[in-house]
Every structure is written in C-alpha cells, then in structure tokens.
1. Inside region 28-140, counting only helices (runs of 4 or more DSSP H) that do not spill past its ends, which hold 3 or more residues that are in contact with a His (Cβ under 8 Å, 6 or more places away or on another chain), open to solvent by less than 70 Å² (accessible area, probe 1.4 Å) and over 28 Å from F192 (Cα atoms)?
2. Could you check how many residues of region 173-201 are closer than 30 Å to H81 by Cβ and in contact (Cβ under 8 Å) with a residue 40 or more places away in the chain?
3. Here are the criteria: (1) farther than 15 Å from L51 by Cβ; (2) surrounded by 13 or more Cβ atoms within 10 Å (Cβ to Cβ); (3) modelled with pLDDT of 95 or more. Tell me which single one P208 does not satisfy.
4. Could you check region 92-135 and list, in sequence order, the residues that are of a type in the set (G, A, S) and touching a residue at least 60 places away in the same chain (Cβ under 8 Å)?
5. Please go through region 177-205 and give me each residue that is under 17 Å from the mean Cα position of the chain (by Cα) and surrounded by 16 or more Cβ atoms within 10 Å (Cβ to Cβ), ordered by number.
6. Which condition breaks for L124 when tested against (1) hydrophobic (A, V, I, L, M, F, W, C); (2) more than 18 Å from I151 (Cβ to Cβ); (3) over 19 Å from the mean Cα position of the chain (by Cα)?
7. Just the residues that are closer than 17 Å to Y196 by Cα and touching a residue at least 60 places away in the same chain (Cβ under 8 Å), please, taken from region 141-153.
8. When you go through F41, F73, F58, F25 one by one, which is the residue that is touching a residue at least 60 places away in the same chain (Cβ under 8 Å) and not small (G, A, S)?
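The values are calculated or read from the model by the stated rules, or taken from the named source; none is laboratory data. Quick caveat, the model's predicted, so the values are computed rather than measured. Here the Cβ positions follow ideal geometry from the backbone for every residue, glycine too, while neighbour counts run over all protein chains shown. Heavy atoms of the whole protein, side chains included, go into the accessibility calculation; ligands, DNA and RNA do not. Shrake-Rupley method; radii C 1.70, N 1.55, O 1.52, S 1.80 Å.
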Amino acid sequence: MNQPQDPAYGLWSLVIVNSLIFIIFTFSFAKPQTTRDWRSFSAFSAFLVALFTEMYGFPLTIYLLSGWLASQFPGVDFLSHDAGHLLEIMFGWRANPHFGPFHILSNILIIGGFFLLSAGWKVLYAAQRQHQLATTGPYARIRHPQYAGFILIMVGFLLQWPTLVTLLMFPILVTMYVHLARREEREAVVEFGDEYIRYANATPAFFPRLTVVSRP
C-alpha cells in the first residue's frame, strides 16, 4: 500500500501564479484586439482558473468522487498531487504520472495549440494590415487556427488533469468558439465576397486535410 503523502492542495499562491503565467502566456500568443477576441480569451482564461483551482487549491472532483475512487483504486492517496492525474491512475499508470502516456500526449497538444495561436496570429495580423484574406500558414490548412488552438490546449489540459468543472466547461466553450467562427465567416463573406467563398469551399474549418486543396 502506498504511504500517505502530505496534502497537495490549499496552495492558493500556486493557483494564482500558474493561472497568471498561462493567461499572460496565452495573451502573448492570442493578442486579443476586438470585443470578440476578448470574449474568447476571457472564456479560455476562466477555464484555466477553474483548472488550476482544482489542481492546487480545492480538489472538488476528487471530493465528489471520493467514495467511488476509494472503492475502485484502494491504497491510492487521492490527496497527493500525483493522484490528481486521474486518467493515469484509472488506466493503471502507477509510476510518475508526469511521464505517463496521457501526460505526454497532453504536453504535445498544449504545445501544438500554442503554436497554432502564434502562427495564426502572425498571418492574420499581416493580412489585416494589408486588408487581405488570410490564406497562408495555418490558414492554408484550416479556416480558424486560433480557435482550434484554444480547443487543442483545453483537450491537452483535460487529458492531464480532468475535473468535473472543466469537463462541463469544455463543450460550452467549444460551442462558443464555433458560433464565433461562424459569425466571422459571415462577416468575411460580406467583406471579401466570392474570394472567401472559394477559400471556405477548399479549406476545412477546424480539422485539416492531409493535403492542401488548390483553390481556383
């Protein structure tokens, strides 16, 4: 049986520090400009705060599921930080969870999401300055790389540290991003007309094709 460890929660300073680090880091990649940008950034920031609150502050999910977790995984100290990586525990990865498959995949998705945010912003900013349609870089593969980046990062964090609150927030945020994307597309049709329609017909919204379809 594993020896009980010191509780890893109630560390509110870590909640604040980690939330600020990731929010500022995201801000540096996303660079919100419009009201719509700030809305999507604020919703993502709320997701981060909820995540780190349960990661270091109060483990609401573990308390709510404590009876089931104790019966299914006896001998696990669920007040230790390592046990908060619930997917690693549930799938039998009892070594250091930071080197487990879910955590590794999580890191890949989070890094990939931030890359999309950064690369997408650079192309979009340059296109906006020239009053042109953004169609290069990640925009050659998908129409909404920045929203896709937010979603990738959230999926990554859910794989690393799933909580009931963030699991509830995730579909709400995805739905919000889809609605924002659809609104942007309607505005782009008004501004660019047939050029955007041809681009949209050849380029998926969120899931890239393996090859780039040439646009007429």
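1. Answer list for region 28-140: none.
2. Of the residues in that region, 1 qualify.
3. (3) is the only condition that P208 fails.
4. Residue satisfying the conditions is S118 alone.
5. Y177, L180, A181
6. For L124, the failing item is (2).
7. R141, I142, R143, H144
8. Exactly one of F41, F73, F58, F25 is touching a residue at least 60 places away in the same chain (Cβ under 8 Å) and not small (G, A, S), namely F25.
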